[in-house]
1. Looking at F213, F191, F200, F221 in this structure, which one is assigned to a helix (DSSP H, G or I), at negative phi, modelled with pLDDT under 90 and not aliphatic (A, V, I, L, M)?
2. It is to be established whether one or more residues within segment 135-148 are of a type in the set (G, A, S), under 14 Å from A79 (Cα atoms) and crowded, with 21+ Cβ neighbours inside 10 Å.
3. Report whether or not L184 is of a type outside the set (F, W, Y), more than 30 Å from N265 (Cα to Cα), touching a residue at least 40 places away in the same chain (Cβ under 8 Å) and assigned to a helix (DSSP H, G or I).
4. Anything in segment 121-138 that is touching a residue at least 24 places away in the same chain (Cβ under 8 Å) and either part of a helix (DSSP H, G or I) or more than 14 Å from E284 (Cβ to Cβ) (or both)? List them, or say none.
5. Show the residue pairs meeting these rules: Cβ distance below 7 Å; 6+ apart or different chains; first residue within segment 206-223 and free of Cβ contacts under 8 Å to residues at least 12 places away in the same chain; second residue part of a helix (DSSP H, G or I) and surrounded by 20 or more Cβ atoms within 10 Å (Cβ to Cβ).
6. Give the residue that is nearest to G134 (Cα to Cα), with candidates limited to residues of segment 242-284 that are among the acidic types (D, E) and buried (at least 17 other Cβ atoms within 10 Å of the Cβ).
7. Filter segment 54-94 down to the residues that are in contact with a helix residue (DSSP H, G or I) (Cβ under 6 Å, 6 or more places away or on another chain) and of a type in the set (V, I, T), then identify the one that is farthest from G214 (Cα to Cα).
8. Could you grab me the full set of residues in segment 170-196 that are of a type in the set (K, R) and closer than 14 Å to R77 by Cα?
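The values are calculated or read from the model by the stated rules, or taken from the named source; none is laboratory data. Bear in mind that the values here come from a model prediction, so they are computed numbers and not experimental data. Cβ placement follows ideal geometry from the backbone for every residue including glycine, while neighbour counts extend to all protein chains displayed.
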Amino acid sequence: MPGHPASNGRGALAGLAAFAVFASHDVVVKILGARFEPFQIVFFSVLFGFPIVTVMLMRDRTDGNLRPKHPYWSALRTAMAVITGLCVFYAFSTLPLAETYAILFSMPLLITMLAIPVLGEKVGWRRGLAVIVGLIGVIVVLQPGDTELTLGHLAAVIGAATGATAAVIVRKIGQDERAAVLLLYPMVANFVVMACFLPFVYKPVQLTELGGFGLMALLSFGGTLLQIAAYRLGSAVIVAPMQYSQIIWATLFGVLLFDEIPNMNTAIGAVIIIASGLYIVFREDRKSGSGTPVLRSRSRFGVPMGAPRVSVMQRLSQRRRTPRGEGAAAPLSPPAE
């Protein structure tokens, strides 16, 4: 059971494997981003993801329709999903990998802040101070005034903000909405919006590049399955910090594949942001139920919203194991440890 030392060890290993796969996904995004606009990358990413998600939904035994019970919140989340996908893919395409991750790692800080007005949760002065320190780390990475800020930096900041907003909205409406609604609306919106822009930015796709788009979908799905396994095996407080291992992969891939060497400001800022995020995670572990927005937002920080979210995929797998007619809908995620 989660919480046992041996189980936590396996959960941590599964988490490390998941985020290594996700980092490989982001390398493919960066490679494709050298030739294609983010509109085209997101379009094909969602297109190749549809067959996988369709198989998952075909096995969902939940009765109901696809009308959201919270249409306004669902519409806002869908809009945030589209913006997040575009911004994150653009940031990975134009910025060094380590720098992009450092900025996206601010999502737990933003989730903590947004949980106050959206979820009505209380954040003590310690976590509030951690948020402020973490945001100072973002400023250290961006170096305003010392370096020229680009659209890539702006995209990373916006992607972190919209991704955090979408995550908090899922926490607000997740237990009322069907998993299919949470999964399909952002994917369909991404597909339709990107298709509208595609004629203006489309570039012919070679066979190897088409394979790259397919590889993105497989890596995203495989990483999601590994992350689900990690949360089933280990406690959230053990698994959640594993995503910071992506900075190691980002540095390694950046040096080996893209001749990117993180500068001192990126390294210092990343340490500040990660330390603040870890403090928030461990501080939340001392609580239970409400008041733990980061631990209960189990999807990868900064995940492009065309990809299946871990929490939603967990619900679909739980539905398949529940006989028809037994009890109420499964919660968005298991109770916080």
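1. Numbers: F213 fails: modelled with pLDDT under 90; F191 fails: modelled with pLDDT under 90; F200 fails: modelled with pLDDT under 90.
Checking each option against the conditions leaves just F221.
2. Of all residues in segment 135-148, those of a type in the set (G, A, S) come to 137, 145.
Within this subset, residues satisfying the condition of being under 14 Å from A79 (Cα atoms) are none.
No, the conditions are met nowhere in segment 135-148.
3. Numbers: of a type outside the set (F, W, Y): yes; more than 30 Å from N265 (Cα to Cα): yes; touching a residue at least 40 places away in the same chain (Cβ under 8 Å): yes; assigned to a helix (DSSP H, G or I): yes.
Against the criterion (of a type outside the set (F, W, Y), more than 30 Å from N265 (Cα to Cα), touching a residue at least 40 places away in the same chain (Cβ under 8 Å) and assigned to a helix (DSSP H, G or I)), L184 qualifies.
4. Of everything in segment 121-138, those that are touching a residue at least 24 places away in the same chain (Cβ under 8 Å) and either part of a helix (DSSP H, G or I) or more than 14 Å from E284 (Cβ to Cβ) (or both) turn out to be R126, R127, A130, V131, V133, G134, L135, I136, G137, V138.
5. none
6. Filtering first and then ranking leaves E284.
7. T62
8. Taking segment 170-196 first, the residues of a type in the set (K, R) are 171-172, 178.
Once the filter is applied, which keeps residues that are of a type in the set (K, R) and closer than 14 Å to R77 by Cα, segment 170-196 yields R171, K172.
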